[in-house]
1. Where the only charges are on Cβ atoms (+1 Lys, Arg; -1 Asp, Glu), what is the dipole of the chain about its Cα centre, to the nearest 20 debye?
2. From the Cα gyration tensor of segment 1-51, with a ≥ b ≥ c the square roots of its eigenvalues, which class applies: rounded if a/c is under 1.5, or else prolate if a/b is larger than b/c, or else oblate?
3. Using a Gaussian network model on the chain with a 10 Å cutoff between Cα atoms, which of R112, R20, R167 fluctuates the most?
4. Using only protein heavy atoms and a 1.4 Å probe, report how much of E99 is accessible, in Å² to the nearest 10.
5. What are the lysines whose alpha-carbon lies under 24 Å from the alpha-carbon of K70, with same-chain residues fewer than 8 places away excluded?
6. Pick from R229, R47, R258: which residue has the top mean-square fluctuation in a GNM of the chain where Cα pairs under 10 Å get a spring?
7. Given only helices, namely DSSP H runs of n ≥ 4 each adding -39500 (n - 2.57), what is the per-residue ellipticity at 222 nm of the chain, to the nearest 500 deg cm²/dmol?
8. For H44, what accessible area in Å² do you get when you roll a 1.4 Å probe over the heavy atoms of the protein chains, rounding to the nearest 10?
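The values are calculated or read from the model by the stated rules, or taken from the named source; none is laboratory data. All of these numbers come straight from a predicted model, not from anything done at the bench. Glycine also receives a Cβ, built like all others from the backbone with ideal geometry; neighbour counts cover every protein chain displayed. Please note that ligands, DNA and RNA were not included when accessible areas were found on the heavy atoms of the full protein model with its side chains. Shrake-Rupley method; radii C 1.70, N 1.55, O 1.52, S 1.80 Å.
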Amino acid sequence: MAAETAARYGVIGYPVSHSRSPFIHRLFALQTRQNMSYELLEAHPERLEAAIAEFRESGGKGLNVTVPHKTAVTTLVDRFSGRATIAGAVNTLSFQDGEVFGDNTDGAGLLRDLRGNLKVEVCDQAILILGAGGATRGILGPLLEGKPRSITVANRTLSRANALAERFSSRGKVDARAFSDVGAQDYDLVINATSAGLRGETPPWPAAAIRQDTVCYDLSYGIATPFTRWAQEQGAKRCVAGWGMLVEQAAESFCLWRNVRPDTAPVLRQISSTSAATPPNAS
Ligand code: ATR
């Protein structure tokens, strides 16, 4: 009897060669005995639509979408999940029943990492998010659902923080600030969602926001990111790079595609121990 053909998945981005997603999804597939393959698709923004169409027409079942396509890809989606609609960005595509379904698993991945892996609560906490781009848009909805005491978004460009506060105003109060206006409030959790670290930059993040017991979480990953190093220098005892979110958002995508939830713990252990030389971020 002929072996069944492996179901094809992949990640599309530009650049994408450093992506850890193939490694993660292969481990998930082995663990859950799924007959699937996972490819890297490098597509310049001008080729995004054509590359997705080719992949789909050649039998591809689903794609992860990474930088810089998460917003642009929304124009190619037929039906959105609720969380992708709220985020206005998509990181997971599923090609099923002749349509393109778009989901966003980033925020759910962050929450699973915080609560499940790190035992960091969101409920009733004061949260500061640095940055007001696509990454912040992806996590604000799930964070607000966690009923924090307050959420402040601080950004280099204040107008972008204001726009996000306005966009999410029906879901909860978001306070918008410039970095220089973040006072010494007691923040329980500070999340770096700027892309500054990708270029090795350390912006004038608000040092007064960091106490010893502030949990400092970088959505980027790497052995030590510019943000986690900076936060340590400010005295924070718990500084975490975003490996857990990377693995958890992948598990959410995998679950959507294959209808089986992989155990993330062994994969997280493996990826963080084998990735010492990985440059920050490329999901
Ligand atoms: P992403 O989808 O990764 O969030 P983005 O939408 O381009 O990408 O947003 C990048 C974020 O990182 C923005 O908040 C940006 O600040 P501005 O809105 O002022 O541009 C922030 N950022 C990037 N480089 C930065 C730097 N060197 N200093 C401060 N903020 C920076």
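1. Rounded to the nearest 20 debye, it is 420 debye.
2. Because a/c hits 1.5 or more and a/b fails to exceed b/c, segment 1-51 counts as oblate.
3. Its mean-square fluctuation being the largest, the pick is R167.
4. Its accessible surface works out to 40 Å², give or take rounding.
5. Excluding near neighbours in sequence, the set is K61.
6. Its mean-square fluctuation being the largest, the pick is R47.
7. It comes out at -9500 deg cm²/dmol, rounded to the nearest 500.
8. 80
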